[in-house]
Amino acid sequence: MTVPINPAAIDIFLQPGEVYFGDRGTRIRTVLGSCVSITFWHPRLLLGGMCHYMLPERNGDAAGQRDGRYADEALGLLFDEMRAEGTQPRDYQAKLFGGGRMFSFDAGKGVLDIGNRNIEMGRRLLRGHGLEPVSEHLAGVGHRSVVFDVASGDVWVRHMPEQANLLDVA
């Protein structure tokens, strides 16, 4: 993965459950396994953001602040940032990444498939807001490094599908 260097850009690294929104002077990075990131880019104003959610939804009451670890709440946090800039989610191009399979189980015992559940929730939430991703790199085995340059809207993805990344759990 070759990422052009813009020495003026600030680099933000998203941990799981974090959300960031910035302007053209921002580059946002993360590493994804079964988690999913959605990037949003405004091509005219050169604004954009990324979320890194871990789970499709919260089990139980969501009392209190929204939590970026959950898909719907992470998108809500990003949408708040967009509206604070005087824009609407429909003004942005969305891209969807991640949802890799990181764990394997004996076929007779079932499969923990959090990656696919995260992907489906991301797609459902985008459709619910009238958005279709313009690009995506999803599923498979292994993890991804993702870099989003808000100035250009470009997203670089490096997928490491090594079989050695799978953890066998009996």
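The values are calculated or read from the model by the stated rules, or taken from the named source; none is laboratory data. It should be emphasised that the depicted structure is a prediction, and the values quoted were computed from it without experimental measurement. Methodologically, a virtual Cβ is constructed for each residue, glycine included, from the backbone with ideal geometry; neighbour enumeration extends over all protein chains shown. Surface accessibility is based on the protein's heavy atoms, side chains included, excluding ligands, DNA and RNA. Shrake-Rupley method; radii C 1.70, N 1.55, O 1.52, S 1.80 Å.
Taking Cβ atoms as reference points and 14 Å as the exclusive limit, the residues near Gln93 contribute a net charge of -2, counting Lys and Arg as +1 and Asp and Glu as -1. In order along segment 77-87, the Karplus-derived 3J(HN,Hα) couplings, from 6.51 cos²θ - 1.76 cosθ + 1.60 at θ = phi - 60°, round to 5, 5, 4, 4, 5, 4, 5, 5, 8, x, 10 Hz, and Gly and Pro are given as x. Of the residues Phe40, Phe13, the one with the largest accessible area comes first in the ranking Phe13, Phe40, computed with a 1.4 Å probe on protein heavy atoms. Label positions at Ala84 and Glu120, each projected 7 Å from the Cα along the C-beta direction, are separated by 3.4 nm. Structural descriptor for segment 10-142: relative contact order 26 percent, calculated from alpha carbon pairs under 8 angstrom and at least 6 residues apart.
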